[in-house]
Amino acid sequence: MAGSIPAVADLLAAARFRFGQEFGGDAPQVAVCAPGRVNLIGEHTDYNQGFVLPMALPLVTVVVGKQVPGLDVTVVTATEDADEPRRVDFVLPPLGSPLPPLESPRWANYVKGVIQHYRGPPVRGFKAVVVSSVPLGGGLSSSASLEVAFYTFLQQLHPDDGDLVSKAVACQQAEHSHAGVPCGIMDQFVSVLGQAGHALLIDCRSLEFSTVPLLDPALVVLVTDSNVKHRLTGSEYPSRRKQCQEAASTLGRDSLREASMEDLQEARSRMDDETFRRAHHVIQEIRRTLDAVEALKRRDYHQFGRLMVQSHESLRDLYQVSCSELDQLVSAAMEVEGVYGSRMTGGGFGGCTVTLLQASAVHRAILHLQERYSGTPTFFVTTASEGARALTFDL
Ligand code: ADP
Ligand code: MG
């Protein structure tokens, strides 16, 4: 089934309604939203200081709320997939004291992390409701959209200096310190700075970025959620990060961004095979991302698609973060006429694939994927969307 993407206005109405229910008929005063994202190419390159090419999605997290006197915070999430309880109360600590993460519910730690790293005036008490259309844990970055939405919410209550890159970095720090996920900058960056009709080429070393038009009405970005989440031990991500650091230090570089394939080949005997494969993926993927941007600018979708498939194969064979369900979805997509390319997107081990295809092939592709996939996929026919923003209630 093509998953319908709810309009932001409908999410806002639901959030407002829920706020009234939770808080004795009270009405929220401010509303904001921040998008999830899909990464077109450049996977596992962000924490290696490389390039990534994501776009913001029309799937968003909405936060509505208002300030209250004192230091009491109440936050409710309407998302049933979040761990319980879905309503939390806590008291903000005195100025300058830390707001430590708690064992449960885990979701509230994203909110606490954002409060801790907020760059504006001291945060005061508030109550808020969260409603989201970004699937949780599906590789479309519901976590960054939650962080960035909350940061944007706090900006409405106590404005900071408005620096957008610093905002993304603060949200990334929130995920590091409070969710315990040593993520790169991509997700928060594109959730803050995404632009409608454009993908974002981000240099994760300098934090400079440029926009790449993605406006062709004959072209569609199809996101397919495999609906599998192989949590495994949860150690894969930190272990990949560690291997990349080890490879970089064997090469005498600060990061794999500074290394070439020649450097890596030369150092092959000085690292184990697995570390070599990890670094091989990263170094080539950084290059591939830049090649893909050039192809997109030329509207050479065939070349862009070939690079997507190469990226997938590299993630599967060298970086080893794919799984049979994602491989199946990619192979099936590539059987459809009018599909340019397809790959797993996000951290891996489940989650989503992203497929670039002709608009005229979407229906055919969805039917084929449904038929060929062993599980039950969800489809999102997406467009490159805007980053985080304040909303007005008369949407
Ligand atoms: P992804 O970012 O790919 O969706 P993560 O594992 O990084 O996956 O983040 C998912 C976690 O983020 C959820 O388990 C939950 O703790 C939190 N989260 C995201 N969105 C919401 C939401 N709307 N309400 C509550 N928690 C959320
Ligand atoms: Mg995440």
Task: Accessible-area ranking of VAL32, VAL309, largest first, probe 1.4 Å - done: VAL309, VAL32
- [ ] With an 8 Å cut-off on Cα pairs and a minimum separation of 6 or more residues, tell me the relative contact order of the range 126-223 in percent.
- [x] 19 percent
- [ ] Treating only the Cβ atoms of Lys and Arg (+1) and Asp and Glu (-1) as charged, compute the dipole magnitude of the range 154-302 about its Cα centre; round to the nearest 20 debye.
- [x] 320 debye
TODO: Using a 1.4 Å probe over the heavy atoms of the protein chains, calculate the carbon and sulfur portion of the accessible area of the chain as a whole percent.
DONE: 50 percent
Task: the range 5-74: C-alpha gyration tensor shape, a/c 1.5 cut-off, then a/b vs b/c - done: oblate
- [ ] Return the lysines within reach of LYS167: Cα separation strictly under 25 angstrom, same-chain partners fewer than 8 residues apart disregarded; answer none if there are no such residues.
- [x] LYS66, LYS112, LYS127
- [ ] Keeping every protein chain in place, order SER239, SER143 by accessible area at 1.4 Å, biggest value first, i.e. largest first.
- [x] SER239, SER143
Open item on the list: Below 8 Å between Cα atoms, with a sequence gap of 6+, how large is the relative contact order for the chain in percent?
Closed with: 24 percent
Open item on the list: For the chain, what does the helix formula give at 222 nm: sum of -39500 (n - 2.57) over DSSP H segments with n ≥ 4, over the residue count, nearest 500 deg cm²/dmol?
Closed with: -12000 deg cm²/dmol
TODO: Starting from the Cα of ASP163, step 7 Å along the direction of its Cβ; do the same at PHE17; then give the gap between the two resulting points in nm.
DONE: 4.2 nm
Task: Calculated FRET value between ARG287 and ALA9, using beta carbons and R₀ = 45 Å, to 0.05 - done: 0.60
Task: Per-residue SASA entry for GLU246, accessible area with 1.4 Å probe, Å² rounded to 10 - done: 80 Å²
Task: Inter-part distance where the range 58-125 and the range 149-186 are each reduced to a Cα centre, Å - done: 13 Å
Open item on the list: With every protein chain kept in place and ligands, DNA and RNA left out, what is the accessible area per residue of the range 299-393? Probe 1.4 Å, answer in Å².
Closed with: 39 Å²
TODO: Describe numerically, in nm with one decimal, the distance between label points set 7 Å from Cα along Cα→Cβ at SER210 and at PHE393.
DONE: 4.4 nm
TODO: Working with all protein chains in place, sort ASP317, ASP327 by solvent-accessible area computed with a 1.4 Å probe, largest first.
DONE: ASP317, ASP327
Task: Solvent-accessible area per residue, Å², over the range 53-123 with all protein chains present [probe radius 1.4 Å] - done: 45 Å²
- [ ] Using a 10 angstrom cutoff on alpha carbons, build the Gaussian network for the chain and name the most mobile of ASP225, ASP203, ASP89.
- [x] ASP89
Open item on the list: If you count only protein heavy atoms with a 1.4 Å probe, what accessible area per residue comes out for the range 152-193, rounded to a whole Å²?
Closed with: 30 Å²
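The values are calculated or read from the model by the stated rules, or taken from the named source; none is laboratory data. All values derive from a computational prediction rather than experimental measurement. Methodologically, a virtual Cβ is constructed for each residue, glycine included, from the backbone with ideal geometry; neighbour enumeration extends over all protein chains shown. For accessibility, only protein heavy atoms count, side chains too; no ligands or nucleic acids. Shrake-Rupley method; radii C 1.70, N 1.55, O 1.52, S 1.80 Å.
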